[in-house]
């Protein structure tokens, strides 16, 4: 397939994804949301089980915490609704599964290649994410290699705060470096050839 037609297909898929996100956030029927989740899993094909596992790992703890908090707050007041809880969790699962599938199948840089501004945002976000993921892993391994016993909660909080401060500093520095590199390659020039 030619690169131009591939980019066009990915652009169309991205527009469909955005329309699906708006539709899924507007629907208030559990059956429709369950059907949407099922459709996403069907579209995933052989990777459906791995996709569902990723959904559970990424939003499972959050959904469990929100669901438990909702139950604790609403049950004593007599306003607990299991239907509402199912609706919210199905919406989160469907949106997350759809997003993970789209990220897996669409190259954002190619799909957004028609706009230099959007391409800049995608390039910057991708480079930042990769750099920060490596830094977080380095900090985790450094802490693990320097401790013989399990740290207390206070020490873990201090380490997390120091790591977060360093990550913020690294992100600011890295974004400046990326912007300079892109400017050196003529990315911000209005008359630069595409």
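Read the figures in this text as sums done on the coordinates, not as results from a lab. All of these numbers come straight from a predicted model, not from anything done at the bench. Glycine gets a Cβ as well: all are built from the backbone with ideal geometry, and neighbour counts include every protein chain shown.
Annotations for the structure displayed:
- Intensity falloff of the stretch 3-109 expressed as log10 I(q)/I(0), Debye formula with alpha-carbon point scatterers, at q = 0.16, 0.18 Å⁻¹: -0.77, -0.92
- Ascending count of other beta-carbon atoms within 10 Å, so fewest first, for 65, 9: 65, 9
- Net length gained if the chain between residue 166 and residue 31 were fully extended (0.36 nm per residue, minus Cα distance): 44.1 nm
- Take the Cα of residue 128, step 7 Å toward its Cβ, do the same at residue 103, and the gap between the two points is 1.5 nm.
- Segment residue 150-residue 137, length gained on full extension (0.36 nm per residue, minus Cα span): 2.9 nm
- Within a Gaussian network of the chain (alpha carbon springs, distance under 10 Å), most fluctuating of 90, 18, 153: 153
- Cα Rg, Dmax, the stretch 47-117, angstrom units: 17.0, 54
- Cα gyration tensor shape of the stretch 1-48, rounded if a/c is under 1.5, else prolate or oblate by comparing a/b with b/c: oblate
- Modelled label reach - residue 157, point 7 Å along Cα→Cβ, the stretch 63-83 residues with backbone N closer than 19 Å: none
- Three-way shape call for the stretch 96-150 based on the alpha-carbon gyration tensor, with the a/c threshold at 1.5: oblate
- Mean residue ellipticity, 222 nm, helices only, the chain: the sum of -39500 (n - 2.57) across DSSP H runs of n ≥ 4, divided by residue count and rounded to 500, is -28500 deg cm²/dmol.
- Remark: relative contact order (the stretch 32-190) = 23 percent; criterion is Cα-Cα distance under 8 angstrom and separation of 6 or more residues.
- Calculated FRET value between residue 46 and residue 73, using beta carbons and R₀ = 41 Å, to 0.05: 0.50
- Seen from a random direction on average, the alpha-carbon convex hull of the stretch 78-181 projects onto 11.8 square nanometres.
- Here the translational diffusion coefficient of the chain follows from Stokes-Einstein with Rh set to the Kirkwood radius across Cα pairs; for 20 °C and 1.002 mPa s it amounts to 104 µm²/s.
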